[in-house]
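Participant: Sending over a structure as structure tokens; questions will come in a sec.
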Amino acid sequence: MGNAVTLIPAREQDRQLISKVEKEAGTSINLCYQCGKCTAGCPAAFAMDYPPRQIIRLLQLNLVDQALEAGSIWICASCETCSARCPRGVDIAALMDAMRREALQQGKITDKKVAAFNKAFLNGVKNFGKAYEAGLLMQYNLTTGQLLKDAGLGLPMMKRGKVSMLPHSIKGKDEIKKIFDRAEQLGGE
Amino acid sequence: MKEFAYYPGCSLDSSAIEYGMSMERTADILGIKLVELEDWSCCGATSGHNTDHLLSLALPARNLAIAEKMGLNVLAPCAACYSRHRAAEHAIRSSKSMGDKIREVIDMDVQGTVETLSILDVLANDIGPDQISQKVTKPLTGMKAACYYGCLLVRPVEITGFDDPEDPQSMDKIVKATGATPIDWSYKTECCGAALVTSRPDVGNRMLYNVLRNAQESGADCIVTACPLCGLNLDMRQAAVEKEFKTKFNLPVFYVTELIALACGDTPKQAGSDRHFVDTLKYLSQIEVNRVRAASEKAEQKAEATESETEAPDPEATQKKIDAMLKGWQKNPAKMAARLIEDEERAAVLVEVMTGDKKKMTRLAELMVTDADKAVKAAEAFITAELKKKQA
Ligand code: SF4
Ligand code: SF4
Ligand code: SF4
């Protein structure tokens, strides 16, 4: 009795969410026959709660919330090894990507650090048109409360002419802001 | 002359400044014309596609639109820039509705008519290793380089496609053309941890460690890359990884363009190689020593060959040479043995045989002056006899 699996009937909304993610990723989870080749080659699997094969399995079982809350989707480095090797042509990396964006939209961010890094990076691009590395480190470290974490690397970077303390703006930086705004408006469609 | 719309991206004048410097030198040396893309903007990198799909395509699409106006293909040395621009091209070409959306977001026309190329593709396939080696004046003799491709230059295959995703060769060919020796290793396309090294060092550092360790265990004495993030991770974080895993790698990290600039005569400073974290200068001066030594050995051999061909045998001069040769054997038998026998172990046996045996020494000295081939044969015979004796 203790080993019995409780099968919960899939909710319609879960099914819909899964097809939305599949559509965004341009792939189908039903192709997967659970061979595990993706997990075997994943360079970050050692740190994941649900390695890639298991993420797919969760989705096949309609356990989409569990998948969205997995730490794995934030540990995935988007290295594309899994997708390149899957014998069934499942684009796992694209699924991981779509899941991250979905988790972000739902506010289910299990790894605040990665999300904070992305936000800080894009903020620089939105404001200046280029990545602003010094600003990125500062903003990222502030939001994650690790103010001094990379401070030890700041000085050696500067000595080698590798960071400028001031952002370089491009001429068309207003265009870039508009691109961000319009992408946000249209993206939801 | 090859001409490209040059997209340096955000890293090539900051964290990967040596990549930018050596890229421009490489273009100069090989006659590639780079026209910087007018008012280019950031491609959004990984953060873009982690956050918003449409935005992640629209940002590079703006640059593609500018390149289309210039009518030039784009050269993007950074692996992430290359990958994002290729992804945008792919999306624009393969779906009309996505293309329309992108055009609306950037408020510019873009049709996917230009192609973004990586520096590896251009160097290995457009320019070609032969053209490169023709320009080499200071070959990087003895450099054992682990060519590290990382992820985005070879994956996803639908988007990249210029090299094999599991065992790419383009960088190996380029590195070989500089006179260095690319080693075989199994982590050439394994991920270095990318942004995780910054955002989650608990995970990223181990990935980095795996790459460094495999390079070292495979016999590399340096790593070559074409990705600014890989470069920064492997170089700047190497000390932290060494500390965390209680080991020493001491593997200098170069961008592939630095090797070209150096091999074509640039000083390390010109190539930007003095800006790394793991010291490269001591390493490069060792490579320089190797080169000079190899060159003088070659010159010596050549001189010897022409001497023996042209000079008519003059008994007195010959006797003098034999005496000199004999002295050589008495003073430095190892060096003399190395001249006859390539295999180190066998050469060592020859030294053993010769030491203290003046008769054999004289015999070999004579033969070395009068008939080099016979000298080798005699030496081989001495060694074989000695080995047999040992076995018995
Ligand atoms: S490699 Fe493909 S088929 Fe195999 S488990 Fe992973 S996703 Fe499924
Ligand atoms: S893309 Fe993500 S899940 Fe796939 S192998 Fe790389 S790290 Fe693992
Ligand atoms: S190895 Fe790392 S930094 Fe390099 S391409 Fe992959 S993710 Fe980028």
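The values are calculated or read from the model by the stated rules, or taken from the named source; none is laboratory data. Just so it is clear, the structure is predicted and the values come from calculations on it, not from any experiment. Here Cβ is always computed from backbone atoms with ideal geometry, including for glycine, and neighbour counts include all displayed protein chains. Just so you know, the surface numbers come from the protein's heavy atoms only, side chains and all, with ligands and any DNA or RNA stripped out. Shrake-Rupley method; radii C 1.70, N 1.55, O 1.52, S 1.80 Å.
Participant: Look at segment B:333-392 and say how many of its residues are in a loop (DSSP other than H, G, I, E, B) and either among the charged types (D, E, K, R) or open to solvent by 100 Å² or more (accessible area, probe 1.4 Å) (or both).
Facilitator: Kept after step one, since they are in a loop (DSSP other than H, G, I, E, B), are these residues of segment B:333-392: B:341-343, B:355-357, B:371, B:392.
Now restrict to residues that are either among the charged types (D, E, K, R) or open to solvent by 100 Å² or more (accessible area, probe 1.4 Å) (or both): B:342-343, B:357, B:371, B:392.
Residues that pass the stated criteria total 5.
Participant: Let me ask something additional. Which of the residues belonging to segment B:71-111 are open to solvent by 10 Å² or more (accessible area, probe 1.4 Å) and among the charged types (D, E, K, R)?
Facilitator: B:R84, B:R86, B:R93, B:K96, B:D100, B:K101, B:R103, B:E104, B:D107, B:D109
Participant: While we're on this one: Look at A:L59 and say whether it is within 15 Å of ligand 2 (Cβ to nearest atom) and in a helix (DSSP H, G or I). If you could, list the steps in order and put the result at the bottom.
Facilitator: Working: within 15 Å of ligand 2 (Cβ to nearest atom): yes; in a helix (DSSP H, G or I): yes.
For A:L59, the condition - within 15 Å of ligand 2 (Cβ to nearest atom) and in a helix (DSSP H, G or I) - is met.
Participant: How do the pairs read when you match residues in segment B:178-205 that are on the phi < 0 side of the Ramachandran plot and facing chain A (nearest Cβ under 7 Å) with residues anywhere that are of a type in the set (S, T, Y) and within 13 Å of ligand 3 (Cβ to nearest atom), using Cβ under 9 Å and keeping only pairs 6 or more apart or on different chains?
Facilitator: Qualifying pairs under 9 Å: B:E190/A:T81; B:E190/B:Y148; B:C191/A:S78; B:C191/A:T81; B:A195/A:S78; B:A195/B:T46; B:A195/B:S47.
Participant: crowded, with 23+ Cβ neighbours inside 10 Å and within 16 Å of ligand 1 (Cβ to nearest atom) - does that describe any residue in segment A:103-121?
Facilitator: For segment A:103-121, residues crowded, with 23+ Cβ neighbours inside 10 Å and within 16 Å of ligand 1 (Cβ to nearest atom): absent.
Participant: Could you count how many residues in segment A:40-56 are away from ligand 3 (no atom under 16 Å from the Cβ) and free of Cβ contacts under 8 Å to residues at least 24 places away in the same chain?
Facilitator: Of the residues in that region, 7 qualify.
Participant: Right, something else. Filter segment A:49-62 down to residues that are away from ligand 1 (no atom under 13 Å from the Cβ) and either closer than 13 Å to A:M96 by Cα or within 14 Å of another protein chain (Cβ to nearest Cβ) (or both), then give me how many there are.
Facilitator: In the first step, residues of segment A:49-62 are kept if they are away from ligand 1 (no atom under 13 Å from the Cβ); the result is A:49, A:61-62.
If we keep only those that are either closer than 13 Å to A:M96 by Cα or within 14 Å of another protein chain (Cβ to nearest Cβ) (or both) as well, we get A:49.
Qualifying residue count, segment A:49-62: 1.
Participant: Between B:E242, B:E217, B:E288, B:E258, which is among the charged types (D, E, K, R), farther than 27 Å from B:C10 by Cβ and open to solvent by less than 30 Å² (accessible area, probe 1.4 Å)? Spell out how you get there, then give the answer.
Facilitator: Details: B:E217 fails: open to solvent by less than 30 Å² (accessible area, probe 1.4 Å); B:E288 fails: open to solvent by less than 30 Å² (accessible area, probe 1.4 Å); B:E258 fails: farther than 27 Å from B:C10 by Cβ.
Sole residue among the options that is among the charged types (D, E, K, R), farther than 27 Å from B:C10 by Cβ and open to solvent by less than 30 Å² (accessible area, probe 1.4 Å): B:E242.
Participant: So, one more: Within segment B:261-285, can you find the residues that are without any contact (Cβ under 8 Å) to a residue 60 or more places away in the chain, crowded, with 16+ Cβ neighbours inside 10 Å and not in a helix (DSSP H, G or I)? If you could, list the steps in order and put the result at the bottom.
Facilitator: We begin by selecting, within segment B:261-285, every residue without any contact (Cβ under 8 Å) to a residue 60 or more places away in the chain; these are B:267-269, B:274, B:277-282, B:284-285.
Of the ones still in play, those that are also crowded, with 16+ Cβ neighbours inside 10 Å are B:268, B:277-278, B:280, B:284.
Of everything in segment B:261-285, those that are without any contact (Cβ under 8 Å) to a residue 60 or more places away in the chain, crowded, with 16+ Cβ neighbours inside 10 Å and not in a helix (DSSP H, G or I) turn out to be B:F277, B:V278, B:T280.
Participant: Still on this structure: Given the criterion of a type in the set (A, V, I, L, M), surrounded by fewer than 15 Cβ atoms within 10 Å (Cβ to Cβ) and assigned to a loop (DSSP other than H, G, I, E, B), identify the matching residue among A:A77, A:A40, A:A10.
Facilitator: On the way: A:A77 fails: surrounded by fewer than 15 Cβ atoms within 10 Å (Cβ to Cβ); A:A40 fails: assigned to a loop (DSSP other than H, G, I, E, B).
Testing whether each residue is of a type in the set (A, V, I, L, M), surrounded by fewer than 15 Cβ atoms within 10 Å (Cβ to Cβ) and assigned to a loop (DSSP other than H, G, I, E, B) leaves just A:A10.
Participant: Quick test for you: out of B:D163, B:D100, B:D167, pick the one residue that is within 14 Å of another protein chain (Cβ to nearest Cβ), acidic (D, E) and free of Cβ contacts under 8 Å to residues at least 12 places away in the same chain. Full working, then the answer.
Facilitator: Working: B:D163 fails: free of Cβ contacts under 8 Å to residues at least 12 places away in the same chain; B:D167 fails: free of Cβ contacts under 8 Å to residues at least 12 places away in the same chain.
Only one candidate qualifies: B:D100.
Participant: Give segment A:18-37 a look and list any residue that's assigned to a loop (DSSP other than H, G, I, E, B), open to solvent by 60 Å² or more (accessible area, probe 1.4 Å) and either more than 14 Å from chain B (Cβ to nearest Cβ) or aliphatic (A, V, I, L, M) (or both), or say none. First the steps, then the outcome.
Facilitator: Applying the first criterion (assigned to a loop (DSSP other than H, G, I, E, B)) to segment A:18-37 yields A:26-28, A:32-36.
Filter again for open to solvent by 60 Å² or more (accessible area, probe 1.4 Å), leaving A:26, A:33, A:35.
Correct list: A:Y33, A:C35.
Participant: Follow-up question, since we're still on this one. Do we find that A:I75 is in contact (Cβ under 8 Å) with a residue 12 or more places away in the chain, within 12 Å of ligand 2 (Cβ to nearest atom), within 9 Å of another protein chain (Cβ to nearest Cβ) and at negative phi in this structure? Can you show your working first?
Facilitator: On the way: in contact (Cβ under 8 Å) with a residue 12 or more places away in the chain: yes; within 12 Å of ligand 2 (Cβ to nearest atom): yes; within 9 Å of another protein chain (Cβ to nearest Cβ): yes; at negative phi: yes.
For A:I75, the condition - in contact (Cβ under 8 Å) with a residue 12 or more places away in the chain, within 12 Å of ligand 2 (Cβ to nearest atom), within 9 Å of another protein chain (Cβ to nearest Cβ) and at negative phi - is met.
Participant: Here's another thing I want to ask about it. So if I check each of A:N118, A:N123, A:N141, which one is assigned to a helix (DSSP H, G or I) and modelled with pLDDT of 85 or more? Outline the logic, then answer.
Facilitator: Details: A:N118 fails: modelled with pLDDT of 85 or more; A:N141 fails: modelled with pLDDT of 85 or more.
Result: A:N123 is the single residue among A:N118, A:N123, A:N141 that is assigned to a helix (DSSP H, G or I) and modelled with pLDDT of 85 or more.
Participant: Scan segment B:144-156 and give yes if some residue there is away from every other protein chain (no Cβ under 13 Å), surrounded by fewer than 20 Cβ atoms within 10 Å (Cβ to Cβ) and touching a residue at least 60 places away in the same chain (Cβ under 8 Å), otherwise no.
Facilitator: yes
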